[in-house]
Amino acid sequence: MTKFVNGQALIQHFESWSPKSYAVEGDRNGVMIGTLNKPIKKVMVALDVLEVVIDEAVSEGVDLIVAHHPLLFRPLKKIDTNTAQGRIVEKAIKNDITIYAAHTNLDIAKGGVNDMMADALGLKDTEVLSPTQEMALKKVVVFVPESHANELREALGRAGAGYIGNYSHCTFNSTGVGTFLPGEGTNPHIGEANKLERVEEVKIETIIPAPLQNRVIAAMIKAHPYEEPAYDVYPLENKGETLGLGRIGLLSEEMTLQEFAEHVKLAFDVSGARVVGDLSGTVKKVAVLGGDGNKYMMEALFKGADVMVTGDVYYHMAHDVMMEGLKIVDPGHNVEKVMKEGVKRFLDAFLKEKGYQTEVIASKPNTDPFQFV
């Protein structure tokens, strides 16, 4: 029997990675058009939702577009189907195509756009360039029979619990006696109805990022032998992982700016790039930020970057940072297209794990408005 994922379940999993709460103030994300309350046979991941992209989605029989750049960044005063944007809205509604956007929240997410860009450049020892928030942490406490403790710990770890720095599957375990009285109509794993039971149990405590709570609890309940597992969730004051825009890290070996610019072109599959600085000068520490990075260049300087890779660089900003010693490679805004394959891999892994036949494709048209001639 063919099994397709519900749109709400798919996006709920996606938002455990890239929650809307990560987005910068005023950003547009979430459902732009349509509904998630339907089975999804085919998903298309796109950087931009242009008319050529919606036409591709129609021809491919797509039910859901997951895009990085919001279609409706500014509120519409009218939907005029004589305009390209109006036709996009019309075609999406007529063909029951839902459009969902994850913008700065996907930039900020661990493993999101900026990490994908840093990985493409081969940067190591990366950290956040411009912090925006710290990830909230929670503690999950669950009680389980000793016979199932190992299985439950493994399930919690696979769901993302117990990560502290570079350590995973971190838990604290203590033993004790649990009591319960199964009522009428129950089917207890241990004991029988209307008889008080005493069971040797393990209390497992672990830490989780707040956005993963639903996923971790669901994994815990699935792995737990009891009909009604006993568990607690507590908010923590501990500082979680720093989140933010951009990344800064090191190249494996020093390069000239000329060599690095060629490296950037190859990494992002672009035919050209604007470069600021002495081409014979050397670079080792690299800042990278997808999209428009003008506001973050001083932070790159402050953190000791030799060069910044970003898009949409302003003329006077280039002058200012050049005089301060920061080099720039601007391969364009469109290099964020690395998110198409990255998001596809993330969704494919979830669908495979759950046994869904939903297909995920990456949009093919080139949506970069600029050309080098």
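The values are calculated or read from the model by the stated rules, or taken from the named source; none is laboratory data. The structure presented is a predicted model; accordingly, all values stated were derived computationally and were not measured. Because the Cβ atoms are built from the backbone with ideal geometry, glycine has one as well, and the counts that use them run over all protein chains shown. These area figures cover heavy atoms from the full protein model, side chains too; ligands, DNA and RNA do not enter into them. Shrake-Rupley method; radii C 1.70, N 1.55, O 1.52, S 1.80 Å.
Structural remarks
- To the nearest 10, the accessible area of D63 is 30 Å² with a 1.4 Å probe.
- Judged by the gyration tensor of its Cα atoms, with axes a ≥ b ≥ c, region 299-373 is oblate; a/c meets the 1.5 cut and b/c is at least as large as a/b.
- Under the criterion of Cα pairs below 8 Å and six or more residues apart, the relative contact order for the chain equals 21 percent.
- Calculated mean residue ellipticity, 222 nm, the chain: -9000 deg cm²/dmol, from DSSP H runs (n ≥ 4) at -39500 (n - 2.57) each, averaged per residue and rounded to 500.
- The slack in the chain from N82 to K222, taken as 0.36 nm per residue of separation less the alpha-carbon distance, amounts to 45.3 nm.
- Annotation note: trypsin sites (Lys or Arg not before Pro) in region 5-80 located in DSSP loop regions with a Cβ neighbour count of at most 15 within 10 Å are K77, K78.
- Antiparallel content of DSSP bridges confined to the chain, in %, to 5: 70 percent
- Segment T35-E259, extension gain: residue separation times 0.36 nm, minus the distance between their alpha carbons: 75.9 nm
- Under the simplified labelling scheme, the S21-S271 pair shows an inter-label distance of 4.6 nm, with each label point 7 Å from Cα along Cα→Cβ.
- Eligible aspartates and glutamates near K222 by straight Cα distance, threshold 17 Å, same-chain separation 8 or greater: E146, E151, E154, D232, E353
- Rounded if a/c under 1.5, otherwise prolate or oblate - region 18-126, Cα gyration tensor axes: prolate
- Sulfur and carbon atoms: percent of accessible area, the chain [1.4 Å]: 50 percent
- With θ taken as phi - 60° and the Karplus curve 6.51 cos²θ - 1.76 cosθ + 1.60 applied, the whole-hertz 3J(HN,Hα) list for region 270-279 is 10, 8, x, 8, 7, 10, 10, x, 6, 4 Hz, x standing for glycine and proline.
- Proximity of backbone amide H atoms, modeled 1.01 Å from N, is registered between I361 and V43, M44, V45 at under 5 Å, excluding neighbours fewer than 5 places apart on the same chain.
- Solvent exposure of region 238-314, expressed per residue, is 45 Å² of accessible area, with all protein chains present and a 1.4 angstrom probe.
- Solvent exposure of region 139-210 amounts to 58 Å² per residue of accessible area, where only protein heavy atoms count and the probe is 1.4 Å.
- Extension gain, K352 to F172, is 61.7 nm, computed as 0.36 nm per intervening residue step minus the present C-alpha separation.
- DSSP-loop trypsin sites (Lys or Arg not before Pro) across region 107-143, with at most 16 other Cβ within 10 angstrom: K110
- Cα gyration tensor shape of the chain, rounded if a/c is under 1.5, else prolate or oblate by comparing a/b with b/c: oblate
- At the residue level, S59 shows approximately 90 square angstrom of accessible surface with a 1.4 angstrom probe and all protein chains present.
- Packing around the peptides 272-281, 234-243, taken as the average count of other Cβ atoms within 10 Å per residue, puts them in this order, highest first: 272-281, 234-243.
- Over region 227-373, Cα pairs under 8 Å with separation of 6+ residues give a relative contact order of 21 percent.
- Vicinal HN-Hα couplings computed from phi for region 173-188 (Karplus, 6.51 cos²θ - 1.76 cosθ + 1.60; Hz; Gly/Pro x): 10, 9, 10, x, 10, x, 10, 7, 10, x, x, 4, x, 8, 10, x
- Distance distribution note for region 136-290: the fraction of Cα pairs above 25 angstrom is 53%.
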